[in-house]
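Engineer: I have a structure here, written as structure tokens, and I will follow up with some questions on it.
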Amino acid sequence: MNDVTRRDLFRIVGSTVVVSPAFAQHIHTVVADVKSLSGGDNYPPKLFTRHYFLTLRKLGDMIIPGSPDAGAAEYIDFLASRNEELATIFNGGLSWIDEYMVKHNGKDFLSATPAQQTALLDQLAYKKNLTPENAAGQRFWTWLRNIVVDAYYTSPAGIADIGYMGNKVVGSFSVPQEAVDYVMKRSPV
């Protein structure tokens, strides 16, 4: 089996968008407009406190490096500010992460060391680590990973990362010879 990186897997998952591509593009356009009007990185969160927004940016960067620059946190803030269920999930999840970190490390997530942050996320990422204490955190982590992947791979940076070339006029199209050879080897003809 080929060595597949975590980023490669996210590219595959990201190409199966939960939100419609047109709606996702609209969200990224609106967020980009707000960022440009507010002076770039001084995006004023619509729903989250500044602390939760920065925590969301950090978590996103740990999931997909570069996702903060692609506007993943802004995308999530925009969606959650317009959907009460998402708002509840994300405010509750970010609160759970901070409370857990304070209980076990004496610091909230952003103030914790990188090793402490990674240790928590490693615990939440694997079902084998499920305990009654971290069950809510694991559910939130699944939500968070999925939406960060959606946010990143529907952004201009994520689309470029995938190499998506759709929605463009092409003068000609040819099937790569290795694809033809592959199909012909398996063909009964």
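Engineer: Highest first, please rank the peptides 140-147, 114-121 by the mean number of other Cβ atoms sitting within 10 Å of their residues.
Structural biologist: Values: 140-147: 18.8, 114-121: 14.6.
Descending packing order for the listed peptides: 140-147, 114-121.
Engineer: Now, a different point. How big is the shadow of the Cα convex hull of the stretch 91-189, averaged over all directions, in nm²? Numbers along the way, then the final one.
Structural biologist: Numbers: hull surface 46.8 nm².
Here the figure is 11.7 nm², rounded to one decimal.
Engineer: Rounded to the nearest Å, what's the spacing between the alpha carbon centres of the stretch 45-66 and the stretch 84-102? Just the number, please.
Structural biologist: For the stretch 45-66 versus the stretch 84-102, the Cα centre distance is 12 Å.
Every read-out reported here was derived from the displayed coordinates using simple, explicitly stated rules and does not represent laboratory data. Please read all numbers here as calculations on a predicted model, not as lab measurements. Neighbour counts run over all protein chains shown; Cβ positions are idealised from the backbone, glycine included.
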